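One structure below.
The values are calculated or read from the model by the stated rules, or taken from the named source; none is laboratory data. Note that the structure is a prediction, hence the values are computed from the model and not measured. Every residue, glycine as well, gets a Cβ built from its backbone with ideal geometry; the counts of neighbours run over all protein chains shown. Just so you know, the surface numbers come from the protein's heavy atoms only, side chains and all, with ligands and any DNA or RNA stripped out. Shrake-Rupley method; radii C 1.70, N 1.55, O 1.52, S 1.80 Å.
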Amino acid sequence: CRRRMEEAEGHLISGDHRTALRTLLSAAAYSGASADTLGAASAEAVALLPTFARIGRCCDTNNAFCLALPSALRYFSKRGVEEGFMKLFGQDQCEGSFLEIGAGDGTHDSPSLFLEKYMGWRPMLWESDAGRFEKLARSGRAGVQRAAAKGSAAPDDVPEVDVRAAVMDMVFHEDHLSRAKHLELLLISQGAEADAILKEIDFSTIMDDGMERSLISTIAVARSSAEMREKVGALLKAMHYEHVAVAGDDAAKSENGEAGEEAESSEADAGEGDDTRAGKVYDLYMHLVPMEYIDATSGEEGEREGEHPEIEYFVDDEEDHGEE
């Protein structure tokens with residue numbers, strides 16, 4: 001399996017994505033025949049590979065390589081959370097960045113693995129648990145850090161990091177590829193601690209190209225319980241974030257709360273390698289500019305327009321006839 005992985009990496013570096021695909025399938029199939037085992041092996045294999053070159057990235061909807069990928073090699077969350085992300089962000093987005101709080105081992109039920117390797121988004125992955133972090137550090141994922149967000153329960157030897165400060169350092173760094181100076185996605189995979197984490201984040205806006213913008217565009221929160229969903233929803237609504245979608249294959253059912261208990265029961269053993277658990281469902285919240293700000297801005301523009309005389313344009317008919 002390791003030899004096949006090395007072959008696949010060589011094909012990717014040389015730009016031969018079709019051969020890399022066949023080699024990856026071979027490496028994954030070598031690990032076992034069951035769907036769960038195949039999916040886990042695929043995730044571990046892809047995590048070890050470098051980020052796909054732009055020519056092979058799935059941010060191009062017409063990319064034949066990505067269209068040929070079977071689901072076992074494309075999405076690595078158990079509920080297909082990545083599809084929900086792409087419906088919201090749009091497939092044709094090769095530049096982006098994300099922070100995942102509670103990244104686990106980096107492969108098991110990981111919705112961010114697709115964003116990093118196939119979409120080319122820049123990652124920042126935090127994990128506080130020693131056992132899971134050890135696996136994460138060996139997984140091949142980039143941007144790995146043993147850290148906890150302020151507000152979360154973490155061991156004494158793990159530093160608590162300010163989310164806003166970390167995001168500012170990331171998006172304003174000279175190596176940041178995205179032109180937009182904001183974080184596309186904040187994933188809070190520690191759903192049971194979501195409200196405590198969010199309360200510690202400074203959501204004040206920044207000025208980017210003369211416009212007021214949110215530093216964090218979209219927030220995805222793993223479901224844990226109906227009570228926590230209500231707390232998170234109210235907290236984010238006060239910060240001008242609206243609930244826009246649910247990411248996960250049981251999205252319609254979970255909208256009615258039926259998947260809440262299932263997600264809550266699976267929260268405790270997240271990242272422990274139990275392939276039989278149901279997987280996480282994420283609520284997606286997007287920052288919307290307050291209407292009062294839009295109205296105020298429109299009013300200012302209207303006043304500025306009124307200061308200038310109206311310019312009339314006309315055609316000199318005589319000159320036109322003369323040319324004829």
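Listing for the model above:
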quantity: Residue in the range 88-103 that is open to solvent by less than 10 Å² (accessible area, probe 1.4 Å), aliphatic (A, V, I, L, M) and assigned to a helix (DSSP H, G or I) present; calculated: no
quantity: Leu235 vs. criteria at pLDDT 95 or above and either more than 25 Å from Met119 (Cβ to Cβ) or open to solvent by 20 Å² or more (accessible area, probe 1.4 Å) (or both); calculated: yes
quantity: Any hit, the range 133-151, residues being under 23 Å from Arg79 (Cα atoms), out of contact with any Phe, Trp or Tyr (no Cβ under 6 Å at 6 or more places or on another chain) and among the basic types (Lys, Arg); calculated: yes
quantity: Subset of the range 1-32 [at pLDDT below 70 and either of a type in the set (Lys, Arg) or touching a strand residue (DSSP E or B) at 6+ places or on another chain (Cβ under 7 Å) (or both)]; calculated: Arg2, Arg18
quantity: Residue within the range 118-134 that is aliphatic (A, V, I, L, M) and assigned to a helix (DSSP H, G or I) present; calculated: yes
quantity: Residues within the range 65-81 that are closer than 17 Å to Asp109 by Cα and surrounded by fewer than 23 Cβ atoms within 10 Å (Cβ to Cβ), tallied; calculated: 7
